[in-house]
Structure formats: C-alpha cells, structure tokens
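Everything on this sheet refers to the single structure shown next.
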Amino acid sequence: EKLIVIVGPTAVGKTKLSIQVAQNLNCPILSADSRQIFKELEIGTAKPSTEELSQAKHFFINHVSIHENYNAGVFEKEALKCLDEIFITNDFAVMVGGSGLYIDAVCKGLDELPDADEALRAELEEELEKEGIDFLAQKLYALDPEYASQADLANPRRMIRALEVIHLTGKKYSEMRKATLVKRPFQIIKIGLELPREELYARINFRMDEMLKQGLENEAKTYFEFKNLKSMQTVGYSEIFDFLDNKYDREEMIRLLKRNTRRYAKRQMTWFRRDSEISWFHPEEMLKVLFLIKN
C-alpha cells in the first residue's frame, strides 16, 4: 500500500495534480489542509470546486465546523483510520495539502504535547492584547527561532500555543515535534510542487483578485462576529476583519491580503524544504510524478 503525499505552497497547483493522480490510480484523496476542513469557509480557503470534488472522492473537506476544536492531533487519528479503511480495497491513496503540521502528523506522528495551562494562556492572551502580535512573534523568535521561521505569524493562537509548550516543558516547540519517527504500516511517497518565485507570487496575487471577485469580503463579513475563534485567525480573513474594524482602508486590505499570502507561501516552502524525503516537480510534470509513484 502506498500513500502519495502532494505538498507545496498555496496557489502552486496541488489540487489539479492531486485529482489527475487520483484518477490515474483510481483512488481517493485526503485533504491535509487546516482550513479547507471547515464547512463554513469556502472562498478564502481555495477549496476544490464542485466540479473538481466530483472528479475524485475527497475526505476532510467540509469536515467540521469553525465552532469545533480541531487540530493536527485529531487529524492524525482520523486520517489514519480513514487510510486503514481505504487500504482494505485499494493499493493507493493520495493526501494533498499545504499544512505542514497536518502532513507531518500523518507521516511521522506528533509528540505528546502538554495540555493547555489556563493561567499561562490567560497571561499570554493579556500580552497579546497589550503588546500586540509582533511582540509575541519577537518572543517566539528569541525562544525558538527554528519554529518561528516556519510558523504562521499571522496566527496568534498558534504562537500562544508554541510559547505555552516552551514554558511548560522547558524545551523548544520545534524539538517537541517527534524526535523519534513513527513507522507507518504503508509506504509514503512525497511529491513537492514548486514554481519560480515570481511566477508563484503572480499566481497568488491573481488568485486573491479572483477570490475578492467571488465575494471573499462578504464571506468574511458573514463570520465577522466569530473573528476571535481559533479557526478564523488565518491569512485571508484576518486582514478583512481588521478592515471591517476600520483599522485601514480597502486598498491597504488588498495589499495586506496579497503580501501576507505570499509570506505564508514562503513559510510553507521553508517548512517543506527541510524534509529530504520530498521529490520536487513542476506542477505540470504529471507523467514524471506517475513514473516515480509506479516505480
């Protein structure tokens, strides 16, 4: 049994390739995307279209609500159970996504991280409120530069969690990520998609313009009252919430949406580049990808 894992930055073309591969191997797709998992978020998460979803069986898209607590640990358990069932009748499964932690959870397993400490969390929340998000980012860089260089620094929840783990364990958050790898009962083949930076950034800018045309602002407006939920603190929504809070004008909102998405793509590449098991391809090199899988 083989799990084909397709990774890469946002807007690189993972969805298209994953459907081509799944159709070729006649197998389903597991989405390893920490935002497409939410039912409510449609436009800003760049979910596959209805047509794309009909071209292959997909799992973990529109899987839970933004009001539910979902994380990489839960995903690991559910995805492994799903794979067990798929491999009863199928030799292949495809997993695709840009969420490095979700990918690692399934491929390598996650360390047992300590449970939340309410008092410590309240203290960090207060720091966020008083000093701002950049203060937390600097703190994280000082304590764990390796994690900070890969983390989504637009996501205060994630930073607070990392700082919490560092305080509670006395270890770096990056070190707490599996020192000893878990051995999975299936073969894993990792495919990375990459494009020249200028081309990728142009695609990101174009995609953001398209999302805005499709009504991303209205989508964010609909969930504005839930902006403090952990699930909503993410690139593509945070910038619009701040615009709706009158922190800046619409032009600045669009600039930040594009800039922060480009920065997110850069962090995704930093994350995936450190994995020597990934073979890198251009998104159009489907035949080369299939050759690698089948041999």
Relative compactness, segment 87-177, computed as alpha-carbon Rg over 2.2 N^0.38 Å: 1.29
Set of segment 182-217 residues, backbone N closer than 20 Å to the point 7 Å along the Cα-Cβ line of N90: 184-192
Amide H contacts under 5 Å for M95, placed H, 5+ residues apart: I4, V5, I6, L30
Modelled FRET efficiency - R0 25 Å, N24 with R184, Cβ distances, 0.05 increments: 0.65
Calculated from backbone phi, Karplus (6.51, -1.76, 1.60) coupling profile of segment 220-228 in Hz, x at Gly/Pro: 5, 4, 4, 10, 4, 5, 9, 4, 8
Approximate spin-label separation S174-F206, in nm, with each point projected 7 Å along Cα-to-Cβ: 3.4
Accessible area of segment 1-154 divided out per residue, in Å², using a probe of 1.4 angstrom: 44
Segment 24-177: proportion of alpha-carbon pairs further apart than 28 angstrom, %: 30
Ratio Rg/Rh, restricted to the chain and using Cα atoms, in which Rh is the Kirkwood radius: 0.95
Extension gain (nm, one decimal) between E199 and F226, 0.36 nm per residue minus Cα-Cα: 6.3 nm
Equivalent ellipsoid, segment 181-295 (semi-axes from 5 times Cα gyration tensor eigenvalues, Å): 35, 18, 13
Hull-based mean projected area of segment 8-101, where the convex hull spans the alpha carbons, in square nanometres: 5.9
Contour minus Cα-Cα distance for T270 and L53 (0.36 nm per residue): 75.2 nm
Cα-based Kirkwood hydrodynamic radius, segment 212-270, one decimal, Å: 11.9
Accessible carbon and sulfur surface of the chain relative to its total accessible area, %, 1.4 Å: 49
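The values are calculated or read from the model by the stated rules, or taken from the named source; none is laboratory data. What you are looking at is a predicted structure, and each value in this text was computed from that prediction instead of being measured. Please note: Cβ atoms are built from the backbone with ideal geometry, for glycine as well, and neighbour counts cover all protein chains shown. The accessibility values were calculated without ligands, DNA or RNA, using every heavy atom of the protein model including side chains. Shrake-Rupley method; radii C 1.70, N 1.55, O 1.52, S 1.80 Å.
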